[in-house]
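Notes follow once the structure below has been shown.
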Amino acid sequence: MIRQLLAEKYNKCTSFEDVRIKSDGRLKQLLKHVLTHSEFYKKHYAEQGITLKDSDHLKIEDLPFTTKDLLMKNFDEVSSDPLLNIRDIGRYVKNNNDYHLWYKNKYKIIKTSGCSGRYGVFIYDKQSWNILRAITINRASYVNVTPFKKNRLAVLVDTSGLHAGISLIGNVTKMFYDLLILNVHEPQKTIIDKLNSFQPDILSGYANSIYLCAHEQLDCRLHIQPIQVGCSGEPLTHEARDIIHKAFRVPPINMYGASESICMANSSRQCHNLHIAYDWNLIEVLDACEKKAQEEEIGNAVLTNLYNYSFPLIRYKMNDRMSMRLNSCPDCGSVFPVITKIEGRAEDLLKFIRRDGSEEYLFCSFMSLFNEPGIKSFRVIQKERNYLEIQLVLTDKNSADATVNKLDNDFKYLFSTKNLSRDVSYKFVFVDTISADTTTGKTTRIITFEKYQKQLSKNFVPQEVFESY
Ligand SMILES: [Zn+2]
């Protein structure tokens, strides 16, 4: 890890051209690897007439796309290691929630957080994990990392499973950090009490949870003086960024990542723009015809992860829409290209009010509860302040009872950890489909009480209900 950290630090890119040369070289190496070792990629590329002998001359746009569905369907053939088969990994994911563990002492397994609504598992070996950690520390942190003075790092994420955020942060080197891990599903008051007694140097977590902490600080219930604040996992709005800056007197570092590559881009202390770690993450933005979008034009994001050889993702269609500028940052001079706009994955917080008047929030990450093979799609509608209708599209109606029982237990547990059991109720409703928004093509997974009321006032016709529990 330390070797990787130093390699990253002393092998810095000096110009955008340098970034491009590094990413081109890494792409060629990766293509050679998959065309030699991955049965899936060999077949997938052979269908387009691409073989190993072409690997030196290929451009990224010559390659066919991959998707989460395609990779999950062909899981056993993506990697060259027979240890990575979907039967064993599926069992492992079902029975393990411990993000500290290495699968077979070799691999970090990440389960998708559920924001995209489809179940997925992504794999990192120790080498790719070290590169990822080095990118995160070198680019998304400005606090000096030294074993001589440990930093106090408080992290506010969903700790209930093998999610990207907690797996990466839960694995930080203890030599450099004293770590406090807080679960976003704990009651807000508990979180604030723990932060007050820990007094972190670095506060990091989901954008919405940091935003709530900023309000607590402005309302004088939280009293901390972090020298760095990091936001990830959820989009950081302008309003949230300003409030966080005002509350903690430091500009928050915004990080864009996903299970597929946990730190793809980050802002800095000097610049709000998300700078893409393009030498390790080749991001393309494509228009509706799947051709390269114009600069600043919003399109679909496609990722090639250049450091992950154990579960390679090449021209992988993400669930995000964004625009980018393929050159050095125009505002701060950073050599990396920037994401100029990003859409999608913006799910709102659900706000509840207890009978004693206190408020509580539920974070987007609870959507990971829907990561069950029996669930094809879902939507949560807050029809009353303290009442949720949970719509489900099931893959197999015969296993409906088992699926609903498991979800019911998970929701009961979730509300009890938030101290909301007495106040919040919910109902599961089976529907045939959950349609995407006709203008954005995105499926809204959470409809807050405020949005639901707006829809009602516009004579919104709710989805037909077929069967309910
Ligand atoms: Zn910049």
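No value in this document is a laboratory result; all are computed from the given coordinates. This one's a predicted model, so the numbers in the text were calculated from it and none came from an experiment. Here the Cβ positions follow ideal geometry from the backbone for every residue, glycine too, while neighbour counts run over all protein chains shown.
Values for this structure:
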quantity: Distance from the stretch 289-357 to the stretch 21-35 (C-alpha centre basis), Å; calculated: 22
quantity: Likely footprinting exposure, Tyr41, Tyr142, Tyr124, Tyr307, fewest C-beta neighbours within 10 Å first; calculated: Tyr142, Tyr307, Tyr41, Tyr124
quantity: Considering only the chain, percent of DSSP beta bridges that pair antiparallel, nearest 5; calculated: 60
quantity: Estimated [θ] at 222 nm from DSSP helical runs (n ≥ 4, -39500 (n - 2.57)) normalised by residues in the chain, nearest 500; calculated: -9000 deg cm²/dmol
quantity: Cα gyration tensor, the stretch 105-241 - rounded (a/c under 1.5), prolate or oblate; calculated: oblate
quantity: Trypsin sites (Lys or Arg not before Pro) restricted to the stretch 313-385 and DSSP loop, no more than 11 other C-beta within 10 Å; calculated: Arg355
quantity: Order of Leu31, Leu58 - criterion: other Cβ atoms within 10 Å of each residue's Cβ, fewest first; calculated: Leu58, Leu31
quantity: The stretch 2-343 shape via C-alpha gyration tensor axes, a/c threshold 1.5; calculated: prolate
quantity: Bins of 10 Å from zero: percent of alpha-carbon pairs in the stretch 191-346; calculated: 11, 37, 31, 16, 5, 0
quantity: Span-rule helices in the chain, defined as complete DSSP H runs reaching 20 Å or more along the axis (Cα) with Kyte mean at least -0.5; calculated: 400-417
